[in-house]
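Scroll down for the structure; my scribbles are underneath it.
The values are calculated or read from the model by the stated rules, or taken from the named source; none is laboratory data. These figures come from a predicted structure and were not determined experimentally. Positions of Cβ are backbone-derived with ideal geometry, glycine not excepted, and every protein chain shown enters the neighbour counts. Only protein heavy atoms, including side chains, enter the accessible area calculation; ligands, DNA and RNA are left aside. Shrake-Rupley method; radii C 1.70, N 1.55, O 1.52, S 1.80 Å.
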Amino acid sequence: MRSFHLKIAGREEGPFTETEVAQMFADERIDRNTPCKPADQREWKSVDDYLPMLKYGTQLPPAIKVPAVPPAPPPVLLSSQRVSVVDFDIPFGSVLKIMFKWMAAAFVVFCCFLPAIIILWVIIGAVVAALIGGAMSTLHHP
């Protein structure tokens, strides 16, 4: 029976027998494009090149159920620990969309407050005109 070396996560591992490679394929730990070479050769090709029947699934052993390990809870952050955000990788188009939405919302709010702003300016203008008018009327009397 032939044995193979596989490149998994950038590391060369093996040798594995054909049965072990088939089991790894069934467990989806490797795929058709995983680099593979026979133990007695130097040329790397894909698993599909050396074991083409695996892709049809007819000779695959049943997948082994690996018990799911619950993820470890994140460490508790103390209040004395500081977090700093270094970079946001947001596409320019998304930023532009967000800015147009904010601009539209600000315009709607401005239009809602526009009558109150106009009335306030009219009142302030009337007060200023009355003060100036009163000050100017005293200049004509000796």
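Descriptive notes on the structure:
- Residue-normalised accessible area of the chain, expressed per residue, 1.4 Å probe, Å²: 85
- Percent accessible area from carbon and sulfur atoms, the chain, protein chains only, probe 1.4 Å: 67
- Ranking Lys101, Lys7 from most to least accessible surface, computed with a 1.4 Å probe over the protein chains only, gives Lys101, Lys7.
- Modelled label positions at Ile132 and Asp89, each set 7 Å beyond Cα in the direction of Cβ, lie 6.0 nm from each other.
- By the rule of a C-alpha distance below 20 Å, with chain neighbours fewer than 8 residues away ignored, the lysines paired with Lys7 are Lys37, Lys45, Lys55.
- GNM on the chain, alpha-carbon springs under 10 angstrom: the most fluctuating residue among Pro71, Pro15, Pro115 is Pro115.
- Once the Cα-Cα distance is subtracted from the 0.36 nm per residue extended length, the Val122 to Met1 segment shows a gain of 33.9 nm.
- Residues of region 1-28 with amide N under 15 Å of a point placed 7 Å along Cα→Cβ from Trp44: 5-14
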